[in-house]
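S.K.: Pasting a structure here, questions to come.
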Amino acid sequence: MAGEVDTPSGVAGRYATALFELALEEKALEKVEQDLNRFSQALDAVEDLRRLVKSPVFSAEAQERAMAAILEEMQIEGLSANFLKLIARNRRLFAAPDMIKAFRALLARHRGQTSAEVTSALPLSEGQLRALQTALKAALRKDVQLDQKVDATLLGGLVVKVGSRMIDSSLRTKLNSLKQTMKEVG
């Protein structure tokens with residue numbers, strides 16, 4: 001399947017590539033991956049952190065000071081902390097989620113894996129994630145790194161994205177299709 005792991009481009013791609021190359025050189029890929037995953041989880045969970053990252057109202061200095069305090073509290077240090085503070089200083093903090101996604105794609109390619117984004121109405125259990133990973137591995141003939149997201153508006157089911165392909169088995173989509181069919185019949 002072509003395009004499973006796209007080459008990151010744009011601002012996010014350039015920053016992610018630089019971070020990846022530094023982490024590879026310093027043999028710190030796993031540490032950086034863990035730190036970025038923790039930061040990404042905090043970004044998903046904490047509204048104030050999302051506001052700090054996304055809002056253009058905060059100055060670069062304010063964002064950098066806030067990030068330094070947050071990273072210290074989260075015990076994220078070294079290359080990961082320097083990277084996150086640098087993007088704050090350079091007014092690129094708003095692109096952090098895309099940079100993390102691009103870094104994951106580079107890491108997956110380096111490991112001979114492909115990445116898939118799985119969105120569900122509720123968090124999936126470890127067993128469900130393993131079953132999905134096994135099914136995707138059989139279909140793609142590659143190891144699959146799952147990036148899980150939760151979207152309660154799906155109501156049920158899953159949306160799985162691998163590269164440019166998307167499989168949408170969500171209840172919301174099925175209900176919308178049924179609604180559209182009913183309109184056509186009536």
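The values are calculated or read from the model by the stated rules, or taken from the named source; none is laboratory data. Fair warning: this is a prediction, and the values are worked out from it, not measured in the lab. Glycine also receives a Cβ, built like all others from the backbone with ideal geometry; neighbour counts cover every protein chain displayed.
S.K.: Among the helices (runs of 4 or more DSSP H) confined wholly to the range 72-186, which include 2 or more residues that are in contact (Cβ under 8 Å) with a residue 60 or more places away in the chain and either in contact with a strand residue (DSSP E or B) (Cβ under 6 Å, 6 or more places away or on another chain) or acidic (Asp, Glu) (or both)? Working first, answer last.
M.R.: On the way: elements: 78-89, 96-110, 126-140, 171-185.
Because the criterion is at least 2 residues that are in contact (Cβ under 8 Å) with a residue 60 or more places away in the chain and either in contact with a strand residue (DSSP E or B) (Cβ under 6 Å, 6 or more places away or on another chain) or acidic (Asp, Glu) (or both), the helices (runs of 4 or more DSSP H) in the range 72-186 that meet it are 96-110.
S.K.: Just to be sure I understand the filter: pairs with C-beta atoms under 8 Å, separated by 6 or more residues or on different chains, first member in the range 19-47 and of a type in the set (Val, Ile, Thr), second member in a helix (DSSP H, G or I). Which pairs pass?
M.R.: Val32/Leu19; Val32/Ala23; Val32/Leu79; Val32/Ser80; Val32/Phe83; Val32/Phe103
S.K.: In the range 34-71, how many residues are in a loop (DSSP other than H, G, I, E, B), under 21 Å from the mean Cα position of the chain (by Cα) and aliphatic (A, V, I, L, M)?
M.R.: Keep residues of the range 34-71 that are in a loop (DSSP other than H, G, I, E, B), which gives 46, 55-59.
Pick out the ones that are also under 21 Å from the mean Cα position of the chain (by Cα) and you get 46, 55.
After this cut, where a residue has to be aliphatic (A, V, I, L, M) as well, the list is 46.
Number of matching residues: 1.
S.K.: Across the range 105-134, which residue is nearest to the chain's Cα centre (by Cα) among those that are of a type in the set (Lys, Arg) and at pLDDT below 90? It would help to see each step written out before you state the result.
M.R.: Going residue by residue through the range 105-134, those that are of a type in the set (Lys, Arg) are 109, 111, 130.
Retained after the next criterion (residues that are at pLDDT below 90): 109, 111.
Working: Arg109: 15, Arg111: 17 Å.
Ranking the qualifying residues of the range 105-134, first place goes to Arg109.
S.K.: Given the residues Thr153, Thr134, which is the only one that is exposed (fewer than 14 other Cβ atoms within 10 Å of the Cβ), under 27 Å from Asp44 (Cα atoms) and in contact with a helix residue (DSSP H, G or I) (Cβ under 8 Å, 6 or more places away or on another chain)?
M.R.: Values: Thr134 fails: in contact with a helix residue (DSSP H, G or I) (Cβ under 8 Å, 6 or more places away or on another chain).
None of the other options fit; the residue is Thr153.
S.K.: Any residue at all in the range 10-21 that is assigned to a helix (DSSP H, G or I), among the aliphatic types (A, V, I, L, M) and modelled with pLDDT under 95?
M.R.: So in the range 10-21, the residues assigned to a helix (DSSP H, G or I) come out as 10-21.
This time we only want the ones that are among the aliphatic types (A, V, I, L, M), so: 11-12, 16, 18-19.
With the extra rule that they be modelled with pLDDT under 95, the set shrinks to 11-12.
So far as the range 10-21 goes, yes, one or more of its residues are assigned to a helix (DSSP H, G or I), among the aliphatic types (A, V, I, L, M) and modelled with pLDDT under 95.
S.K.: If Ser80 meets every condition in (1) surrounded by 19 or more Cβ atoms within 10 Å (Cβ to Cβ); (2) at pLDDT below 95; (3) among the small types (Gly, Ala, Ser) apart from one, which number is that one?
M.R.: Every listed condition holds for Ser80 apart from (2).
S.K.: To continue, here is another question. Residues being surrounded by fewer than 13 Cβ atoms within 10 Å (Cβ to Cβ), touching a Gly at 6+ places or on another chain (Cβ under 9 Å) and under 18 Å from Ala105 (Cβ atoms): count how many of those fall in the range 156-186.
M.R.: The qualifying residues number 2.
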